[in-house]
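Nothing in this text is a laboratory measurement; each read-out follows from the coordinates by a stated rule. Worth saying up front: this structure is predicted, and the values here are computed from it rather than measured. With ideal geometry, Cβ positions are generated from the backbone for all residues, glycine too; neighbour counts draw on all protein chains shown.
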Amino acid sequence: MRAFLAIVIKDIRLRFSSPMELVFFILLPVVFTVALSSASLAGTGKGKAAPLVLLHDGAGTAPARAFIQMMGTMPDVRVQEVRDPTALIATSDPDLLLSIAPRGAGETGLPFTLTFRLSPWRPSAAATARRVGEWLAGRDASGERPAETSTMPGATPAPSITPAAANASQAASAPAAASAPPTAAVGNAGQIITWALVPLLGLGAGFIGERRRGTMRRIRSSPAPRGVVLSASVAAEVAGALVQIALLVSFGTLVFRLPWFSHPLELLGLVIAFCFAGAALGAFLGEVCRTSRQAGSLGLAISLVLAVFGGCWYPSALFPAGLRSVTRMDPAGWAMDGFLAVLSPSAATGPALQSMALLLAFAAVVFLLATAASRLRGSTAG
């Protein structure tokens, strides 16, 4: 334990030996969080004030296409077609997702099934859903049809939707809307992951530098096992990341009124799991890379790639289908899903626990690989 604590204290002192470390530790993450959130909020100004409604065509039929074209004529509403039905929870702008699915066998009436899904982030989602339902009912009652219907082979009249049916669909699928600004939620969570990953993966460069200075050789000459030395260095970096995340979470809570502490146990577990996953990957880089420059450059590149593909800078649900399959294997994406689940008052604990389990499993596997690489390198050097 004495050797473990000595390594932890030594690594923390070494990291904060330069005042410039504070710039990357708290100043730049705060600046980027505010900038991204402000840019998103600026998009809701003039010309963007109309609520956004997403349309997902899961039927692929002529009536479905005619309905989408008709929705494009609705006034005072922005309509955007998406390929992924999960886009509603992956981005913070839309109020509503209209999901079109093929009609089931034996069903009569509509040529397809239409489901209203309300955003858990937007307080205006329920009002937008009512407005859409009333507009559709008005179009049907007036006998209006999209002009393209008559020119499309096999097209049928636009579906009939009453306000009562729309309200019933809303009640069945609408979670409670959150009061926190959704753009700030995405921005704050994404920047926490991005800026915590950079030093966690930079742990490898520190390992290599200490090996060249002989520090690790002197520590390893002590009775402490190699696993203790490696875990102590990881623990020091995790401790720094925990403090950084705590400061950024507090910033989001105080400035943007984000409900970070609505699920405190899930939040704590996610943060710890994420930190250990990042530190384990950094330790692995320190064991397989040859120089500090190589480990530092590779760690920075990997952290930024993981953050981008994990949806920390841009919603991953809006990626092309081929890239979305990659994001499902991204530890930063797992952390992002878990953080957004914690921030959503209507979300169950399942997504957060799933992200936590994935991150812990990833950390355990990569840490074992780093330990094996350390032993192999030690036996080779000996």
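Points to keep in mind about this one:
- Ranked by how many other beta carbons lie within 10 Å on average, peptides 270-281, 18-29, 297-308 from highest: 270-281, 297-308, 18-29
- Segment 235-308, relative contact order in percent, only Cα pairs under 8 angstrom and at least six apart counted: 28 percent
- Highest-first arrangement of 334-342, 130-138, where packing means the average Cβ count within 10 Å: 334-342, 130-138
- Environment charge at L369 (Cβ cut-off 13 Å; Lys +1, Arg +1, Asp -1, Glu -1): +1
- Length available on full extension from L368 to A239: 0.36 nm per residue minus the Cα-Cα distance, which gives 44.4 nm.
- Stretched out straight at 0.36 nm per residue, the stretch from R293 to L247 would grow longer than its current Cα-Cα span by 13.6 nm.
- Order of L368, L265 - criterion: other Cβ atoms within 10 Å of each residue's Cβ, fewest first: L265, L368
- Packing-based ranking, highest mean first, of 254-264, 190-200 given that Cβ atoms within 10 Å are counted: 190-200, 254-264
- Cut-off 15 Å between beta-carbons: net charge of the residues surrounding G187, Lys and Arg +1, Asp and Glu -1: 0
- Residues F32 and S325, FRET efficiency given R0 of 30 Å [Cβ-Cβ distance, rounded to 0.05]: 0.60
- Extended-chain gain in nm, criterion 0.36 nm per residue less alpha-carbon gap, T73 and R212: 43.3 nm
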